[in-house]
């Protein structure tokens, strides 16, 4: 006997039509694709970004480097130390308190390899978009960065400005930070808030399908749902091996606040854009998502 839940086609237009949501989904997939692209160089995306900036600007103070890349000072320090140990960069004391960072000859020699891998990555991720779609998305990303980070006006001279993936990741990070703060009063994070919205629009959705729809790994979706159950925000009905999810009464009350928070976040981050630009950007980001999912599947199959 086939359960109704198994025939549910997940509908989450309330999320899919949000530019912020599309940015978050693309960012996760881009990070994974970048990581795979740079693996043979034994670099992670953030380390490669540091080297690209240093190739473009000499003797940057470490604090300024962190600000340019949107990193916490505590997060950039271990990366700097690691790159220094590998001989890719060196540090110099300026005034006893500040340190400047610069690439070594060995680090400069690595830049071409980084750029080759990033060019391949870009072709893999964005080749399906037209020039007009790319230009629109670039304008959306750049203008949104200006709104969300008033201190960061000139990203083109950072060395990563021409690397569109890094610009998308930066914009997503800025928007995500604001969403995390907006959801904090509800004691929610973007992941479980998105899950509740999807459950609200798809009562009886199977837990595994929810995770697949949101791009959340099985182990992580189980933890997420357990946390929502503990707060009595969702209820679970077992049907064979399937776990069917519903909002509880408390969840139905909270969902209105979640919807309001997401709508306000979209307005705060993207109200400088007109509806046409937003719609085109959403469609382009969805196309990139589909491409990145395909790339991920090919990597798993050993074809890339």
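Scan region 213-230 for residues that are part of a helix (DSSP H, G or I), surrounded by 14 or more Cβ atoms within 10 Å (Cβ to Cβ) and either at positive phi or within 17 Å of the chain's Cα centre (by Cα) (or both) and the total you get is 2.
Count of region 245-274 residues, restricted to those that are in a loop (DSSP other than H, G, I, E, B) and loosely packed, with under 14 Cβ neighbours inside 10 Å, is 3. Could you list, ordered by first residue, the pairs with Cβ atoms under 6 Å in which the first is in region 257-284 and at pLDDT 95 or above and the second is outside any helix (DSSP H, G or I) and surrounded by 15 or more Cβ atoms within 10 Å (Cβ to Cβ), at least 6 apart or interchain? As it stands, the answer is 266/18; 284/129, since those pairs meet every condition given.
Within region 86-108, the set of residues being touching a helix residue (DSSP H, G or I) at 6+ places or on another chain (Cβ under 8 Å) and assigned to a strand (DSSP E or B) comprises 89, 90, 91, 99, 100, 101, 102, 103.
Do we have residue 170 as closer than 30 Å to residue 55 by Cβ and under 21 Å from the mean Cα position of the chain (by Cα) here? It is true that residue 170 is closer than 30 Å to residue 55 by Cβ and under 21 Å from the mean Cα position of the chain (by Cα).
The values are calculated or read from the model by the stated rules, or taken from the named source; none is laboratory data. From a predicted model like this one, the values you see are computed outputs, not experimental measurements. Note that we place each Cβ from the backbone using ideal geometry, even for glycine, and neighbour counts take in every protein chain shown.
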